[in-house]
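Structure first, commentary second.
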Amino acid sequence: MPATGTASVKSGSATPRNRWPRTPVGRTLLFAAGLFALTLVSALLGDVSIPASIVLGTIAHHLTGGAFPADPCAGTSVSRTECGVYQTIVWANYIPQVLLGVLVGAALGISGAALQGTFRNPLADPYLLGLSSGAAFGAALLFVFRIGLQEAQLTLPLFAFAGSLLSGGVVLLAARSPRSSVTTLLLTGVAMSSFFSALLILTLLYNPNGNLQVSFWLLGGLEGATWTQVGIVFAGAVIPGAILALYGRSLNLLQLGSDVAQSLGVDARRTRVRIMLLASIATASAVAFAGVIGFVGLVAPHVVRRVAGFDYRVVLTGAAIVGATFVLGARDLALVFFPGIEVPVGVPMAFAGALFFLYLLYRRPAGPGEGGGW
Amino acid sequence: MNAPAPLLDVDRLSVGYGERLAVRDVSLRVGSGEFVALTGPNGAGKTSLLRAVLGLVAPRAGEIRVMGDPLPELDIRARARRMAWLPQEERPQDNVRVLDYVLFGRFAHIPPFYSENAEDYARAREALMTVGLWDRRESGIWEISGGERQRVLLARALAQDAPILLLDEPTAHLDIASQLELIGRLVSLCRQQGRAVVAALHDLNLAARYADRVVVLSRGRLVHDGRPAEVLSGALLREVWEVDAELRRDPRSGLPYLIPVLPRHGLASTPGERRPGPLHVVGGGGAAAELLRALAGEGFRLSAGVLALFDTDSETAQELRVPCALEVPFAAIGAEARAENRRLLEAATAIVVAPFAVGPSNVTNLEDLLPYARTRPTFLVGADSFAARDFCQGRAVALEKELLALGALRVRDSAGLLQRLPAALGAAVPAPKAGP
């Protein structure tokens, strides 16, 4: 009977921001094109300045099996010996560095996206959850046993994996407790991260062999990259990464909450354990040869979400591409702005990451989905 | 009365959290094509029962069989193909396109790591057509109204293509028209497709009108299970809800519905009573709720009318045990309710008019109080006049003028009212001892 009260309940009238992407594939391809271009540019940069024609010539020479150009040094102004050295540097050092950067960035990016998705929290990433520090500690521990890097190429990622698994396992155990909230999980991760960082620093200080490079382990570095490492990281990061990329639909459903996801057919707990495991493997492979690079796994997924929406089928792949772009970009920035000083990749990454972190904290998209907090 | 092979068979189920048992020893069988309303007061265990059936909480004791198979033997995907759930509350985190949201329901039908195929899209389309939202398929989930969102969730559950639908308060957040529409659709789904629907429903009248069976839980126990006509009774309401109710029959459909009857004594019997009264409050649509609370808080005896059943004012009145004249929602006030209201007005020592919106259906509330306003202090509460709240072509404004001419006082709010009341009541005839 009262004539009031039936004003329509119009909610979510805030301007639509994160629209489900209309052309997710198109946007992913755009990211990929950007990464490809950056890869080429990155190959031109290094601690020794080498003419672009020689760099590109050397790459083409190797890719075509020596067919074209038959002699990358022909027609350049540098001497043949110098050119030979340049060729070696490019092929044995620069290219592995760039490729390692791509793989490491992709592994961290996709791990970050998958972890943010499973925990429904924008702060989850391999670094914050302690996977990176665990891996670094595991890897560094190997050196305490006086094993040189060269003979440890295969053992190193295994030790790293053991370390990251230890850290991830504790977080997962915390997740099993019925009382745990996402905040508890994240804080458990933060605690693990500090714990393993402390252990790592102790190991670095102890350093009986004198072969542990502090800045490399704490802030990451691509300088020592070799083809063998590229091969190992390729296997250790791309395989779990590719499996992670297939979890897009499950992660989309998990955003509705684990109960709803489960009623729709997603085994939330199992998915969480598997993603944690895969992210641990990918992160460990990356950390074993590139040290701890923070913020990639945190920032890359956010960038993808802003540009290409929130469909995890896109976000996962996109975060791999953007992560790779970031690591390469950080390497290039360090080379361009601090020539001559070996600035670890993690430093420019941390600058950009810290600023982005603040941006995330103080600017949130409006919408009825608050609380989960994207 | 059950089909030979029930789709859902709950046998002596107990569910608990910590020390507390939320569901105790409940047995329930639901057959194909059945619409079962699960009802009971807050905390009776409706949601816990549904969550246990879904496998979201492990039972303490008992067994659940879904289409013949024990629940623990079904993996999570298989469960999702047999049972769909409409949760009580779901907040989408992202502005997902409506069509994609409905496609989420197809997850359990798509082999792992495959994509949606033409059939999945066809099912999603069918489901959106059923709830009447196919036109909104391109909208974002944040951009549609609360009622539409509830229908999208239903569409998702339908796209899941499960024989069993478990709905937790599907009509919460919906206005009355959308409630009726949604329940109507569910019933026809049961009838046409032979699905089984178990719906936790707060509203007994909705349950009585549409369900084949009404199951009543009270403190975790199943206390009644039967046809609506058998289950809905004054005795049951007294026993389970601790409310007196009067059972009436809808003259058109012949179906029973309940009108809670409030205790005849109101606040008068509470020990803190010291104020004269009763004061009769006229309101509707939530306009009087705050006033009722403020006056009751000051210890005044109260009455109210005519209020619509289930609106905020009538619920507040019930909560405060204020006697009031009630009418079914969204209907013009009938003669019976008006007579009751006049009786309460007759017994009142003063009249308080809440700033309610006046339309053709409730203008009688103002008309009826005029004769009583001549002899009783009358207060018009609200900073503004009825002009802004007049939805009956100036009739309310005219009545307001008459009231003011009769000496009615305008007060800003409940604080103003409380200030003016003692003086006014002192001047009034001493309160009649015989309450309403």
Would you check if there is a residue in region B:100-108 being more than 7 Å from every other protein chain (Cβ to nearest Cβ), touching a Ser or Thr at 6+ places or on another chain (Cβ under 9 Å), crowded, with 19+ Cβ neighbours inside 10 Å and assigned to a helix (DSSP H, G or I)?
no
Which of (1) closer than 24 Å to A:Ala198 by Cα; (2) of a type outside the set (S, T, N, Q); (3) at pLDDT 90 or above is the odd one out, the single condition A:Ala139 does not satisfy?
(3)
Which condition does B:Ala78 not pass, out of (1) hydrophobic (A, V, I, L, M, F, W, C); (2) modelled with pLDDT of 90 or more; (3) surrounded by fewer than 17 Cβ atoms within 10 Å (Cβ to Cβ); (4) farther than 17 Å from B:Ala162 by Cβ, if it passes all the others?
(4)
Hey, among B:Val197, B:Val152, B:Val187, B:Val214, which residue is of a type outside the set (Lys, Arg), touching a Cys at 6+ places or on another chain (Cβ under 7 Å) and in contact (Cβ under 8 Å) with a residue 40 or more places away in the chain?
B:Val197
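Rundown of residues vs (1) within 10 Å of chain A (Cβ to nearest Cβ); (2) of a type in the set (Gly, Ala, Ser); (3) surrounded by fewer than 24 Cβ atoms within 10 Å (Cβ to Cβ), yes/no style:
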site: B:Arg338; (1), (2), (3): no, no, yes
site: B:Arg342; (1), (2), (3): no, no, yes
site: B:Val353; (1), (2), (3): no, no, no
site: B:Ala357; (1), (2), (3): yes, yes, yes
site: B:Val363; (1), (2), (3): yes, no, yes
site: B:Glu367; (1), (2), (3): no, no, yes
Top-ranked residue of region B:172-213 - restricted to ones that are of a type in the set (Val, Ile, Thr) and under 18 Å from the mean Cα position of the chain (by Cα), ranked as modelled with the lowest pLDDT:
B:Ile176
It is to be established whether one or more residues within region B:69-78 are part of a strand (DSSP E or B), out of contact with any Cys (no Cβ under 6 Å at 6 or more places or on another chain), more than 25 Å from B:Gly194 (Cα to Cα) and assigned by TED's automatic domain parsing to the domain that holds B:Ala159.
no
Qualifying positions in region B:288-336 - more than 19 Å from the chain's Cα centre (by Cα), within 11 Å of another protein chain (Cβ to nearest Cβ) and surrounded by fewer than 24 Cβ atoms within 10 Å (Cβ to Cβ):
B:Ala332, B:Gly334
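Kindly indicate which of A:Gly236, A:Gly297, A:Gly221, A:Gly241 is touching a residue at least 12 places away in the same chain (Cβ under 8 Å) and not in a helix (DSSP H, G or I).
Among A:Gly236, A:Gly297, A:Gly221, A:Gly241, only A:Gly221 is touching a residue at least 12 places away in the same chain (Cβ under 8 Å) and not in a helix (DSSP H, G or I).
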Residues located in region B:166-185, provided they are more than 9 Å from chain A (Cβ to nearest Cβ), surrounded by fewer than 24 Cβ atoms within 10 Å (Cβ to Cβ) and outside any loop (DSSP other than H, G, I, E, B):
B:Asp168, B:Ser178, B:Gln179, B:Leu180, B:Glu181, B:Leu182, B:Gly184, B:Arg185
Looking across region A:106-125 at residues that are at pLDDT 95 or above and of a type outside the set (A, V, I, L, M, F, W, C), the single one that is nearest to the chain's Cα centre (by Cα) is A:Gly109
Matching residues, region B:109-141, being farther than 19 Å from A:Leu254 by Cβ and either within 8 Å of chain A (Cβ to nearest Cβ) or not in a helix (DSSP H, G or I) (or both)
B:Asn117, B:Val131, B:Gly132, B:Leu133, B:Arg137, B:Glu138, B:Ser139, B:Gly140
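Residues in region B:56-66: is at least one facing another protein chain (nearest Cβ under 10 Å) and farther than 15 Å from B:Leu7 by Cβ?
Just the residues of region B:56-66 that are facing another protein chain (nearest Cβ under 10 Å), to begin with: B:56-57.
Within this subset, residues satisfying the condition of being farther than 15 Å from B:Leu7 by Cβ are B:56-57.
Checking region B:56-66: at least one residue is facing another protein chain (nearest Cβ under 10 Å) and farther than 15 Å from B:Leu7 by Cβ.
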Residue count, region A:290-318, condition under 13 Å from the mean Cα position of the chain (by Cα) and either within 29 Å of A:Ala198 (Cβ to Cβ) or aromatic (Phe, Trp, Tyr) (or both), comes to 13
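Which one of these is surrounded by fewer than 24 Cβ atoms within 10 Å (Cβ to Cβ) and farther than 24 Å from B:Gly31 by Cβ: B:Glu90, B:Glu73?
B:Glu90
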From the list B:Arg343, B:Arg412, which one is at pLDDT 85 or above, more than 27 Å from B:Ile259 (Cα to Cα) and of a type outside the set (Gly, Ala, Ser)?
B:Arg412
Could you check B:Ala52 against (1) more than 8 Å from chain A (Cβ to nearest Cβ); (2) crowded, with 21+ Cβ neighbours inside 10 Å; (3) out of contact with any Pro (no Cβ under 7 Å at 6 or more places or on another chain) and say which number it fails?
(3)
Scan region A:47-68 residue by residue and report those that are part of a loop (DSSP other than H, G, I, E, B) and crowded, with 20+ Cβ neighbours inside 10 Å.
A:Ile50
Looking at B:Glu148, is it surrounded by fewer than 17 Cβ atoms within 10 Å (Cβ to Cβ), within 11 Å of chain A (Cβ to nearest Cβ) and touching a Leu at 6+ places or on another chain (Cβ under 8 Å)?
no
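The values are calculated or read from the model by the stated rules, or taken from the named source; none is laboratory data. Since the structure is predicted, the reported quantities are computational estimates derived from the model, not experimental observations. Positions of Cβ are backbone-derived with ideal geometry, glycine not excepted, and every protein chain shown enters the neighbour counts.
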